[in-house]
Amino acid sequence: MSLTFDHVAIAARTLDEGADWLATHGLILEPGGRHPGMGTHNRLMSLGPGEYLELIAPDPEADFRPCWFGLDGFDGPPRVAGWVMRATPLIAPTGTRVVQARRGDLSWRITLPLAGQMPRDGAQPMLIDWGDGPHPSDRLPDRGVRMARLTLPLDRLDLDDRRLMLTGAGTPMSLTLTSPDRDITL
């Protein structure tokens, strides 16, 4: 299976609260959309070709509250909640299932935890496959923001990406971005 970084998720109680918080760091997001059947909606920002940042929050118009990305009962300030790797072919790891999702002409398959909660509180990545269709980053303006480092409370990870820093259990996840004028740590 081929694995590459796809996106990182920032969770918030509401999209407006998360977008305002990210704006204080100079990060401007684009409209995303709703995730039918998943109880969430999002806004997005390009991190360069094939990569993006996703702000995700419970959708107040959904029939239920989501469990993924720790959003079930989410409280507190916005924070890094998880990340996703592109997998080819997509095979569900133990304890997950593959779900088909669609919004407009975007179509993807993603692994979701059977228990409803993110493995290792979001430090263990979900897997996604965009198939032959478009990738969200293809439609986002590129403002020169890039992922410099994703700090993960893991001891081991089978992915060779120097931007991923493993710190072991007990440390919070954090994200460092580079922009044309400064570094930003979330």
Using every pair of alpha-carbon atoms in region 122-186, split the distances into 5 Å bins beginning at 0 and state the percent of pairs per bin, rounded to integers.
-> 4, 14, 19, 19, 20, 15, 8, 1
What size of dipole, in debye to the nearest 20, comes out for the chain about its Cα centre when the only charges are +1 on Lys and Arg C-beta atoms and -1 on Asp and Glu C-beta atoms?
-> 240 debye
The base-10 log of I(q)/I(0) that the Debye equation returns for region 42-92 at q = 0.14, 0.21 Å⁻¹, one scatterer per C-alpha, is -0.49, -0.94
For region 67-124, what's the radius of gyration and Dmax over Cα atoms, in angstrom?
-> 12.5, 36
Taking the Cα centre of the chain as the origin and placing charges on Cβ (Lys, Arg +1; Asp, Glu -1), which of A9, F64, L159 is farthest toward the positive end of the dipole?
-> L159
Please grab the % of Cα pairs in region 77-186 that end up more than 15 Å from each other.
-> 70 percent
DSSP-defined beta bridges in region 2-117 - what % are antiparallel, rounded to 5 = 85 percent
Report the net charge of residues surrounding T88, where surrounding means a beta-carbon distance below 12 angstrom and charges are Lys +1, Arg +1, Asp -1, Glu -1.
-> -1
Kirkwood Rh and Cα Rg combined as Rg over Rh, evaluated for the chain = 0.92
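Computed from the coordinates by the stated procedures, all read-outs in this text should not be read as laboratory data. Quick caveat: nothing in here was measured; it's all calculated off a predicted structure. Cβ sites come from the backbone with ideal geometry, for glycine too, and all protein chains shown count toward neighbours.
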